[in-house]
Amino acid sequence: MKAVGRVALALAISLKGCGCLAQRTADVLSLAINWTSAHNLNISELEKPSPATDFVVPVPAPASERTVNSEFVLLNAIHLGMAIFDVEMTQRCISNHHCRETNPLMPSSHAAQLSLNLAYVAGGTGISYWLKRGGSKLWRVPPIAGAAIHSGGVATGFEHH
C-alpha cells in the first residue's frame, strides 16, 4: 500500500509542472491525500519530494519574441509560393513538350508534384518552427534554401518556355 501512495503522490507532484493543469494538480493532489487517508496511510511516512522535483512553470514569451511572427510567415510563404510556381512552370513546360522532369524522385503528374512539394514545404516549415522555438538563429535556412531551390526550377521553366 505504501508503494501505491508514493505513486499517487509522485503523480500529483509531476502534474504540478504543467501550468495549464494547475487546477487539475490540486484536484489530483486532494484525491491522493484522500486516498492515502482512506487507506490508513500516513503522509508523513511517505518520502518528501526534494526541491529538484519541483518544476518551474514557463513564462510565455513577450509578443516581440513569438515563434510565429511576420518574418517567419513571410519567409515560409515565399517558400510555398515558389514551390507552387515551380510545379506550375514545370507542368506547363511538360505539356508543351519543351522539357521533362529531370528529378528522378519527382513524379510527373500534376497532383503528385503538388502533393510532394507541399509535403516538402510543410517539413521545412516544421523544421524552421522547431529551430526558431529553440532559439536557433538558423531557423531561416529551411525556407530560404527551399525558395532558392524552387527558384532554380522556375528559372528553368522560363528558359524552356
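Listed values, structure above:
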| quantity | calculated |
| --- | --- |
| Some residue of region 78-86 being buried (at least 17 other Cβ atoms within 10 Å of the Cβ) and free of Cβ contacts under 8 Å to residues at least 12 places away in the same chain | no |
| Test: residue in region 106-117 that is within 15 Å of A77 (Cβ to Cβ) and surrounded by fewer than 16 Cβ atoms within 10 Å (Cβ to Cβ) | no |
| First in region 135-148 and more than 14 Å from L80 (Cβ to Cβ), second anywhere and at pLDDT below 95 and basic (K, R), Cβ under 8 Å, 6 or more apart | W139/K132 |
| Some residue of region 93-105 being assigned to a loop (DSSP other than H, G, I, E, B), out of contact with any helix residue (DSSP H, G or I) (no Cβ under 6 Å at 6 or more places or on another chain) and more than 17 Å from H160 (Cα to Cα) | yes |
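The values are calculated or read from the model by the stated rules, or taken from the named source; none is laboratory data. Being a predicted model, the structure only gives us computed values, none of them experimental. Note: ideal-geometry Cβ built from the backbone for every residue, glycine included; neighbour counts use all protein chains shown.
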